[in-house]
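Derivation of every value follows stated rules applied to the coordinates shown; laboratory data play no part. Bear in mind the structure is a predicted one, so any value in this text is a computation, not a measurement. Note that each Cβ is placed from the backbone with ideal geometry, even for glycine, and that neighbours are counted across all protein chains shown.
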Amino acid sequence: MSVSRYIVQIQGEKREVTIELRGQRWAITIDGEMHLVEQSVIEKDEHYSLLIEGQSFLVDLIEKNWQDGEFTVNAIAEQINVRVRDELEAVADEITRANVDEGLFVLKAPMPGIVVRALALPGETVEKGQGLLVLEAMKMQNELVTEIGGIVQEIEVKDGEMVEAGATLVRVIADDSTAGAA
Amino acid sequence: MSVSRYIVQIQGEKREVTIELRGQRWAITIDGEMHLVEQSVIEKDEHYSLLIEGQSFLVDLIEKNWQDGEFTVNAIAEQINVRVRDELEAVADEITRANVDEGLFVLKAPMPGIVVRALALPGETVEKGQGLLVLEAMKMQNELVTEIGGIVQEIEVKDGEMVEAGATLVRVIADDSTAGAA
Amino acid sequence: MAKEFKKVLVANRGEIAMRVIRTLRKLEIPTVAIYSDVDRQAPHVFFAEQAIPLGGRTSAESYLRIEKIIDACRQSGADAVHPGYGFLSENLEFAAALAKEGITFIGPPPEAIDVMGNKLKARACMVAAGISVIPGSDGAVSDPVEAKRLAAEIGYPIMLKAASGGGGKGMRVVRGDDKMDSALRATREEAGKSFADDAVFIERYVEKPRHIEIQVMADTHGNVIHLGERECSIQRRHQKVVEECPSPLVDDEMRSQMGEMAVQVARAVNYVGAGTVEFIVDADRNFFFLEMNTRLQVEHPVTELTTCTDLVKMQLEVAAGRRLKLRQEDVQHRGWAMEFRIYAEDPEAGFLPSTGKIALLREPTGPGIRHDSGIYEKYEVPIYYDPLLSKLVIYGENREDVIQRARQAFTEFVIAGVKTNIPFHQWILKQEAFCRGECDTHYIDDHFDAKQISHDARVPQVALIAATLAYHQHSRRLNLDSVQTEKEAQSRWKLIGRREAVSRRSTI
Amino acid sequence: MAKEFKKVLVANRGEIAMRVIRTLRKLEIPTVAIYSDVDRQAPHVFFAEQAIPLGGRTSAESYLRIEKIIDACRQSGADAVHPGYGFLSENLEFAAALAKEGITFIGPPPEAIDVMGNKLKARACMVAAGISVIPGSDGAVSDPVEAKRLAAEIGYPIMLKAASGGGGKGMRVVRGDDKMDSALRATREEAGKSFADDAVFIERYVEKPRHIEIQVMADTHGNVIHLGERECSIQRRHQKVVEECPSPLVDDEMRSQMGEMAVQVARAVNYVGAGTVEFIVDADRNFFFLEMNTRLQVEHPVTELTTCTDLVKMQLEVAAGRRLKLRQEDVQHRGWAMEFRIYAEDPEAGFLPSTGKIALLREPTGPGIRHDSGIYEKYEVPIYYDPLLSKLVIYGENREDVIQRARQAFTEFVIAGVKTNIPFHQWILKQEAFCRGECDTHYIDDHFDAKQISHDARVPQVALIAATLAYHQHSRRLNLDSVQTEKEAQSRWKLIGRREAVSRRSTI
């Protein structure tokens, strides 16, 4: 039987995984450690029952992006993100990643809501963790903060504006002096 | 706006139905009687919320055969079968139906089970409602009966045989003398 | 000395396996499920921490195979087994096999199982202990002359009963001397064939009987308590379908009399664990010992709700050798509870069993609702086992409240894809005799008529509208698609045309 | 003379609308739901018989529009309105508008709403009735000198409170004279801005307070009873998250003292219906009147479970002019109940509200579980309203049993697609102080640390295996498909080739 190899990202870590069908079970190694897994499909691409060395787990694929191998999985009443790449794809990812500009922080709306007010002006210097904007959702006001120290480049929304989840709100450019002090 | 016409079979009756979109609502006539219906799709082809003249119903399409317009619908915690045909299809159905041989009764397994024993032999004369075969499922024995009087033509299964739902079990041919006496 | 169970194997499936595992999970005791080949996707397999295949399809090939279950215990390291009800829960050999392995059987001692497993032994034991049994013969009867003499003593009608019978089988009512010879012969033949034991005895036949049972619980330190009664008279062909606690028939005095007698019964067989003493009650409210079920009953939840207890937890405690925490005087009854057994069967087609995939499941929730379920949406109900899918148990301040809540709950409850007896429950909830609490065990068989099952008059219209709309919209989408497909097809032909032109040019 | 309601409009949404409709359905009273534009697919719309659109998105545009709701009553013919909690449930104008239309408001008389709606009026009324209130000023205080004089009398630390404030807003603790001037000015300004009323008064600040409330119920015939207490000290930023009944702090004596006082409070304002008298309890178990909520509380289920009552049914009965069926001596408390509010918020990201579609919903069931829910699988949680999705209410024989059942239930409970505070509840259930029943209202704010939220160590491995397997199998299927597509493509080219050949031949 043929062995397939994948690079799997989970909780910020990379794991080397191999999969091989052995009779009724799957032999799966994670960073070299082997597990015998019996899988029963309750609904294709949705719900599986797994017996991992006899331990029983009901697992659900909550979100799936087959193209990019990105999944949100429910297991033991917890949800977790997993990214599965085959070896070639993983290399391609690395190259793309290197090109990402690390000197920029883009504050995006974590949920749909209404912009209450900006807490900083364009051109203002902000420290890491400082509030940039107040967003209201579900009758609660939430202060959103910058994850880097730097200078506010642009505020892309107006007070009172309704925004969708993922909308870009504020851009902050890393300030060399701030970065140097850190 | 255009009006579409359908012939709908439900509980053994045929209804003439017209559908027309009027603004946000559907104007639906059933045998000439008009209902204003607002539909909200919770999941396409699966779950709908209907407001029929302001009365609220959550409706589910449990089974659907789009080709033949056959549906099992859940509404108000009951399931019911509906067949929707457009006018041309309905005419075609009528012709097919006329060719069905009404002198034959085919006993089919209403559920998967194990054949316990036949209650009549081939060639035997049976009356309407007489037991033909005992089928066991879920630890219960069930007597299955003939819906016509006639002569047992063939028993297609053996005692102890495991059968799937819908499997043909026994054929009964209408006996002219029996039919005449009825 | 009280043990701590390190791991418990649940030797059952369906709702009762779920129920037992739920208490084990609550107590943070690791659990092991076992399953047959057809039960790989049964919910108890997911709900336990560990799951071990038994192979096989039928019960005889799987859940009744003692040696396989012992193997599963060895393999998983389970030090106790909860048998649930049915299967091996009242099997002497199983209890003995576990004992030999040093594995705790969460149930009574083998001696109690043995006595109560045979109606004649049990009857003799009860008579000796001074328990009131139905007037009848002291032992097996095979001679018609002797039978007629006894019948004259007891008074007709009498009942002939197979000593090893059960589940409503091996019983025959006799109303006069003229029928005795043939009835005795037939009952003995049937008993011999069905139970490999042709011993038959005589009891007075109770007309319009009610079936009321008492829950008892006993520890290994000699403490025995009762937790009140359950009314189980709503039966179809000797199969319980609705049970309740308290019984509309039983008052405080009767409850304490029956309760005390049940405790005596348990003491007479040195009982340990959860057990149920069944009584038959006649029209004058006289009650007689019928039999003792030496396990947890299907209908135990109605007792849990009215007494605020967890019977599975109590079973585990006494099995571990602990003392009962509850004394008789601490047992409080409050409110009313009813259990509705949800069977996969079609009440409108002669209660024919139904199987298939649960296409849609919408469970009732909210105040007073407990749903002990063994199914889930997409679950394929197998044909090999008991058709009990789940139990809807309703609790409320009084009987009227429970009936109202139950009617409401059934309007929320959707199980589609498999036929169930929910329409039957909706029928019984509308019967006046039921609402007055006046049904005897023959009520359903005498009164149920499938034609009386009522259907909401709005359903056909709503379904018609929904289906026609869906079909209409689907055809529109298809038409749009086919228009596009046609366009694509056209452009493909254009492409072919162009290629042909190119070919033509190049070949010319 | 008792009325019979012909049709009841439920002027609310979410779990409480479902809860109220459930009792109305039980009593077979037809129901009317109202909904905003974004709530067209909210479950209360399906659960009522009739549904009427209000239009609008925000509460101000929909559920708070009195004239639209009156219109909906007229249109549907509803003769009573249940307001639930929040929205218009304590709105004087709404109660008056309904009265004018001859529609019954299922709540207290306007006078009671009025008095209890203003902290100063309520305080004065309670003092006059001899109820113990927290030592403080008799009226509004605006002069810092007067404030300092009062503070000296009461003793620091003191609390400045806005008369019209609520929900934890408009309050400020002052620990000495030096801070009084600025604190008084700031509180008055804030109160003026937030509540259009700058009246501020002084109360002693209770350190390590516990928040315990008493459920009362009153009819129009002068009968007032109480149904025991609820412990509501588990709060996050003045928002209750876990409530229980009984309180670990309250014994029988304290219960009857608090209960009697609560009845006195209700009598002082001629109360009718369900109400809650909130008390603040200091470290020495002294209790003081805090405020009265003139409606059904979010946490009413814990009282229903321990007293075996249906508070919504009682509300309907007294609103219809019937006498209370329950006398004080009939109220029995048994067992223990805890409510866990399930909010759409992420405890691991500063409790940021979360919205989106419920991708997967798996609800706990079985013994002791009541889930009052306002969501379903595929439901899109809107951003406009309160983030309360549902309430998991657990009942058991004692506090330990409830905690064990709750821990177990949360291992069954899956809400995916939207973040919830379930991990927070799992954290609190592990805190020793909580398990000992020793938390005051500051406990969460002082002790919660998102980093302490524990995750099952098996999850990453299991998820990794599941996702990799799924991806592997999916790719295999795609490969097979593409092989087939390729074959099809080839045969198409063959066809084209043939046509070309034909063309060629015919053109040659």
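Structure data summary
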quantity: Cα-only Debye scattering, the stretch B:100-179: base-10 log of I(q)/I(0) at q = 0.15, 0.17, 0.22, 0.24 Å⁻¹; calculated: -0.46, -0.59, -0.93, -1.07
quantity: GluC sites (Glu not before Pro) restricted to DSSP loop in the stretch B:43-78 with at most 15 other C-beta within 10 Å; calculated: B:E46, B:E53
quantity: Residue mean of other protein chain beta carbons inside 10 Å, A:137-145; calculated: 6
quantity: Residue-by-residue Karplus 3J(HN,Hα) for the stretch D:339-348, coefficients 6.51, -1.76, 1.60, Hz, glycine and proline x; calculated: 10, 10, 7, 9, 9, 7, 7, 9, x, 8
quantity: Amide H within-cut-off set for A:Q153, under 5 Å, with H built and near neighbours excluded; calculated: A:G123, A:R171, A:V172, A:I173
quantity: Degrees, to the nearest 10: C:459-507 long Cα axis against longest axis of chain C; calculated: 40
quantity: Proximal lysines relative to A:K128, as straight alpha-carbon distance under 26 Å, when same-chain residues fewer than 8 apart are discounted; calculated: A:K108, A:K158, D:K419, D:K451
quantity: Between the stretch C:53-105 and the stretch C:406-421, the Cα center-to-center distance that results, in Å; calculated: 34
quantity: Taking chain A and dividing mean pair separation by its residue count, relative contact order in percent (alpha carbons under 8 Å, at least six apart); calculated: 14
quantity: Rg(Cα) / (2.2 N^0.38 Å) computed for the protein assembly as shown, rounded to two decimals; calculated: 1.04
quantity: Other-copy label distances relative to C:R40, 7 angstrom Cα-Cβ extension, nm; calculated: 4.4
quantity: Sequence-distant residues sharing a close amide H with C:R323 (under 5 Å, placed H); calculated: none
quantity: Rule-of-thumb Rg ratio for the stretch C:71-115 [Cα; 2.2 N^0.38 Å; N residues]; calculated: 1.09
quantity: Under 21 Å from C:K325, Cα to Cα: lysines that are on another chain or at least 8 residues apart; calculated: C:K3, C:K26, C:K313
quantity: Distance between modelled label sites at B:L88 and B:E124, nm, 7 Å Cα→Cβ extension; calculated: 5.0
quantity: Percent of Cα-Cα distances greater than 29 Å, calculated over chain D; calculated: 58
quantity: Teacher prompt: C:D445 distances to equivalent labels in other copies, 7 Å Cα→Cβ, nm; calculated: 6.9
quantity: Cα-centred dipole magnitude for the protein assembly as shown, charges only on beta-carbon of K, R (+1) and D, E (-1), debye, nearest 20; calculated: 1640
quantity: Förster radius 35 Å - calculated FRET efficiency between D:H238 and D:A152, Cβ distance, rounded to 0.05; calculated: 0.80
quantity: For the stretch D:8-106, fraction of C-alpha pairs farther apart than 22 Å, in %; calculated: 17
quantity: Distance between modelled label sites at C:Q75 and C:E207, nm, 7 Å Cα→Cβ extension; calculated: 5.8
quantity: The stretch C:135-204, relative contact order [Cα under 8 Å, separation at least 6], %; calculated: 45
quantity: Helix D:177-195 axis, angle to chain D major axis (alpha carbon atoms, nearest 10°); calculated: 60
quantity: Under-5 Å amide H pairs with B:I62, H placed in peptide plane, nonlocal only; calculated: B:T72, B:V73, B:N74
quantity: Average partner coverage of B:28-37, which counts Cβ from other chains inside 10 Å; calculated: 2
quantity: Greater than 27 Å apart at Cα, pairs in C:K169/C:K357; B:K64/D:K378; C:K148/C:K208; B:K14/D:K7; A:K64/D:K391; calculated: C:K169/C:K357; B:K14/D:K7; A:K64/D:K391
quantity: With eigenvalues of the C-alpha gyration tensor scaled by 5 and rooted, chain B, Å; calculated: 42, 21, 13
quantity: Cβ-derived FRET efficiency at R0 41 Å, C:L478 paired with A:M34, nearest 0.05; calculated: 0.25
quantity: Neighbouring partner chain Cβ atoms per residue of D:359-366, average, 10 Å criterion; calculated: 6
quantity: FRET efficiency, D:T411 to A:E154 (Cβ-Cβ, R0 35 Å, nearest 0.05); calculated: 0.15
quantity: Bridge type composition, chain C - antiparallel percent by DSSP, nearest 5; calculated: 80
quantity: Quarter of Cα convex hull surface for the stretch C:293-371, i.e. mean projection, nm²; calculated: 8.5
quantity: Cα-centred dipole magnitude for the stretch D:263-413, charges only on beta-carbon of K, R (+1) and D, E (-1), debye, nearest 20; calculated: 580
quantity: Sequence ranges D:346-355, B:27-36, D:198-207, A:163-172, ranked by mean other-Cβ count within 10 angstrom, highest first; calculated: D:198-207, D:346-355, A:163-172, B:27-36
quantity: CD proxy at 222 nm, helix term only [per DSSP H run n ≥ 4: -39500 (n - 2.57); per residue of chain C; nearest 500]; calculated: -12500 deg cm²/dmol
quantity: Cβ-vector label at 7 Å, A:M34, separations to other copies in nm; calculated: 7.5
quantity: D (Stokes-Einstein, µm²/s), Kirkwood Cα radius, the stretch D:59-210, 1.306 mPa s at 10 °C; calculated: 91
quantity: Separation in nanometres of the label points that stand 7 Å from Cα toward Cβ, at B:Q141 and C:D449; calculated: 2.9
quantity: Cα-based equivalent ellipsoid of the stretch C:135-204: semi-axis lengths in Å, sorted from largest, via gyration tensor; calculated: 18, 11, 11
quantity: Signed unit charges on C-beta, dipole axis of the protein assembly as shown, positive-most listed residue C:T355, C:Y63, C:V81; calculated: C:T355
quantity: In degrees, nearest ten, helix A:87-98 long axis to first principal axis of chain A (Cα); calculated: 10
quantity: Spherically averaged projected area of the stretch C:210-452 from its Cα convex hull (nm²); calculated: 13.3
quantity: Cα gyration tensor category, rounded, prolate or oblate, for the stretch A:7-96 with a/c compared to 1.5; calculated: oblate
